[in-house]
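The values are calculated or read from the model by the stated rules, or taken from the named source; none is laboratory data. All values derive from a computational prediction rather than experimental measurement. Glycine also receives a Cβ, built like all others from the backbone with ideal geometry; neighbour counts cover every protein chain displayed. Surface accessibility is based on the protein's heavy atoms, side chains included, excluding ligands, DNA and RNA. Shrake-Rupley method; radii C 1.70, N 1.55, O 1.52, S 1.80 Å.
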Amino acid sequence: MMQPWTQAAKRSPAKVASQAASNRDLPLSVIYADALYQPVPPVEYDDDGYPVRDSKVSESTRHLATSVYGYYTLETWFSDRPETLVASDLVLLFEEGNPEAALAPDVMVIFDASTFDRLSYKVWREGDRVPDFVLEVLSKSTWRKDVRVKPGLYAALGVRELWLFEPFGLELAGYKLRDGTYESIRPLADGGLASRVLGLDLVIEGEELRFRNPATGEVLPTHTQSESRRRQAESARRAAEERARQAEQRTAELEALLARSK
């Protein structure tokens, strides 16, 4: 059965994105007040009074697994582009002087941002760069905000792609920004969705959200899978080195034996 957020997602982004156009004289934090992130006490603040860390916990293991996979996989995918920032649950502050103008995307990717350590991402200190890609993992407590209100704010900020994933209904929706409004990304023939921003496909495999390399068809592995493959490769390398060492030792022994027999 179609989840309620799916019906809302089909009609909401285009409509809410137009709110900013009719309220140009108001700050985005006022227009989209219902979309702002509310830090969970106790909250830590930086020296300027902006929130940097709180007590937010994942709603379920599936929510956590999706965010962790998104973060580690995309960080690995863009590891050869050190100017690309991949973050998870990093506070995004978009109005200088207003600590409440905050969002906390489950996963975001920002190109040309460098990857130095940050307590938060302050848009005005980053050359006004905003995320190019945002993934929100929907939950029972936040899906209405994620679907009905946040898309308008993300569109007004200029986020090029917004993705919504519901981990229990296994429903995925992607939106691309065009002329200040989000439009749905059409499914591929196999049901996956192509992200032009990432250069990857987003697919549902089993009961998990996964990224796929469209050039090879390979589904990108989890951090655990990558580490397991690394250990297996290392074990195989060591075994090959040991076989080579033993072969060299046998050869040396045979040569010594032949030398003595002359």
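Tabulated data for the structure shown
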quantity: Extended-chain gain in nm, criterion 0.36 nm per residue less alpha-carbon gap, D112 and L258; calculated: 46.0 nm
quantity: Solvent exposure of the range 48-203 as accessible area per residue, Å², 1.4 Å probe; calculated: 45 Å²
quantity: Label point at E44 placed 7 Å out along Cα→Cβ; residues across the range 72-93 whose backbone nitrogen lies under 18 Å; calculated: 87-93
quantity: Where N is the number of residues in the range 129-187, Cα Rg divided by 2.2 N^0.38 Å; calculated: 1.07
quantity: Packing-based order for 152-161, 247-256, 170-179, using average beta carbon neighbours within 10 Å, highest first; calculated: 152-161, 170-179, 247-256
quantity: Long-range amide H partners of L138 with built H, under 5 Å; calculated: F165, E166
quantity: Selection from L74, S88, L138, by position along the positive dipole direction of the range 74-166 (Cβ); calculated: L138
quantity: Label-point separation in nm, R186 to Q249, each point 7 Å along Cα→Cβ; calculated: 6.5 nm
quantity: Karplus (6.51, -1.76, 1.60) ³J(HN,Hα), θ = phi - 60°, over the range 65-76, in Hz, Gly and Pro reported as x; calculated: 4, 5, 5, 5, 4, x, 5, 5, 5, 6, 4, 5
quantity: Segment T142-R237, extension gain: residue separation times 0.36 nm, minus the distance between their alpha carbons; calculated: 29.4 nm
quantity: Per-residue HN-Hα couplings for the range 162-178 [Karplus 6.51, -1.76, 1.60; θ = phi - 60°; Hz; x = Gly/Pro]; calculated: 10, 10, 10, 10, 9, x, 9, x, 6, 10, 10, 9, x, 9, 10, 7, 9
quantity: Loop-located trypsin sites (Lys or Arg not before Pro) in the range 92-159, at most 11 other Cβ atoms within 10 Å (DSSP); calculated: K140
